[in-house]
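Shown next, in structure tokens, is the structure this report addresses.
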Amino acid sequence: MLTELQTKKLTYYFHTLDIDKNGFLEKPDFDKIVNGVAKAYNVAEDSETYKYIYSTYGKRWEALAKEADKNADNKVTLDEWLAYQDNVLNNPESDFLWMRVASMFFNIQDIDKDGSISLEEYQVIYQIHGIGNDSLAAEIFAKLDFDGDGKIMKNDYLNLVADFYLSNNPEAPGNLFFGLYE
């Protein structure tokens, strides 16, 4: 069962994925994220990078629709989302699905392929998801960049995502990964 803190964080995250703010997660939300990433990084639609981004978000939507959309209306409600997340996080058979997904999204965010996420790459995600302005992204990025080198390495990124999903410690840095959840 999700803890109160996990429920707060995952509810907040749901709303960051609901790009059109209609109260549901739908395929068009994921398409808008793809288009936002492509536009922000100037990725041409006929490029391999675009195809990877589109495929990754498409597969994410398909899996979410299959597993979370219990009434098969092509919409995932907040309740369906939370039930799905509860199942994924508390089912040993899920084999850390969320970590595999996080790894794929790291590969998308690391647009310059240097093996790290820079502040600029982090800010793009804030802009696309409507999480906050560049100033807020910079403030949170500084808390996530443990060694202050201006980069979040993949291992640190995955640990931060693990904190976000699993930690019940309100002080865990990863709680802030997708913005201020409170």
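Each residue, ASN107 and LYS8, gets one label point 7 Å from its Cα in the Cβ direction; the gap between the two is 3.4 nm. The 3J(HN,Hα) values that the Karplus relation (6.51, -1.76, 1.60; θ = phi - 60°) gives for the range 67-75 are, in residue order, 8, 9, 7, 5, 9, 6, 9, 6, 9 Hz. Gly and Pro appear as x.
Our estimate of slack between GLU171 and LYS32, defined as 0.36 nm per intervening residue step minus the Cα-Cα distance, is 46.8 nm.
Averaging the sequence gap over all C-alpha pairs within less than 8 Å and six or more residues apart, then dividing by the number of residues, gives the chain a relative contact order of 24 percent. Can you send over the carbon and sulfur percentage of the accessible area for the chain, probe radius 1.4 Å, protein chains only? Heavy-atom surface of the chain belonging to carbon and sulfur, 1.4 Å probe: 53 percent. In sequence order, the range 35-52 has phi-based couplings of 5, x, 5, 4, 5, 4, 9, 6, 9, 5, 4, 8, 8, 5, 4, 4, 4, 5 Hz under the Karplus curve 6.51 cos²θ - 1.76 cosθ + 1.60, θ = phi - 60°, and Gly or Pro positions carry x. If you find the alpha carbon centre of the range 127-182 and of the range 69-91, how far apart are they in angstrom? Cα centres, the range 127-182 to the range 69-91: 24 Å.
Can you flag which of LYS21/LYS151; LYS51/LYS113; LYS32/LYS59 are past 26 Å Cα-Cα? The answer is LYS21/LYS151.
Loop-located chymotrypsin sites (Phe, Trp or Tyr not before Pro) in the range 128-171 (DSSP state not H, G, I, E or B) with no more than 14 neighbouring Cβ atoms inside 10 Å: PHE146.
Among PRO28, PRO170, PRO92, which one moves the most in a GNM of the chain with springs linking Cα atoms closer than 10 Å? Maximum fluctuation in the GNM of the chain, among the listed residues, is at PRO92. Residues whose amide H comes within less than 5 Å of that of ILE117, counting only those at least five positions distant or on another chain, are ILE152, MET153 (H built at 1.01 Å from N in the peptide plane).
Accessible area per residue for the range 1-151 is 51 Å², calculated with a 1.4 Å probe on protein heavy atoms, without ligands, DNA or RNA.
Counted without the sites themselves, the longest stretch of the chain free of trypsin sites (Lys or Arg not before Pro) in a DSSP loop having at most 15 other beta carbon atoms within 10 Å is 114-182. Annotation: extensible slack from LYS66 through ASN87 equals 6.2 nm (criterion: 0.36 nm per residue apart, minus Cα-Cα distance). Here the dipole of the chain is about 260 debye; that uses its Cα centre as origin and unit charges on the Cβ of Lys and Arg (positive) and Asp and Glu (negative). Taking 13 Å as the straight-line reach from the Cα of LYS66, the aspartates and glutamates in range (excluding those fewer than 8 positions away in the same chain) are GLU26, GLU80. Electrostatic tally near ALA72: other residues with Cβ closer than 14 Å to its Cβ, Lys and Arg +1, Asp and Glu -1, net -2.
The values are calculated or read from the model by the stated rules, or taken from the named source; none is laboratory data. Everything numeric here is computed off the predicted structure, so don't read it as measured data. A quick note on method: Cβ atoms are made from the backbone with ideal geometry, for glycine too, and the neighbour counts reach across all protein chains shown. Surface areas here come from the heavy atoms of the whole protein model, side chains and all, with no ligands, DNA or RNA. Shrake-Rupley method; radii C 1.70, N 1.55, O 1.52, S 1.80 Å.
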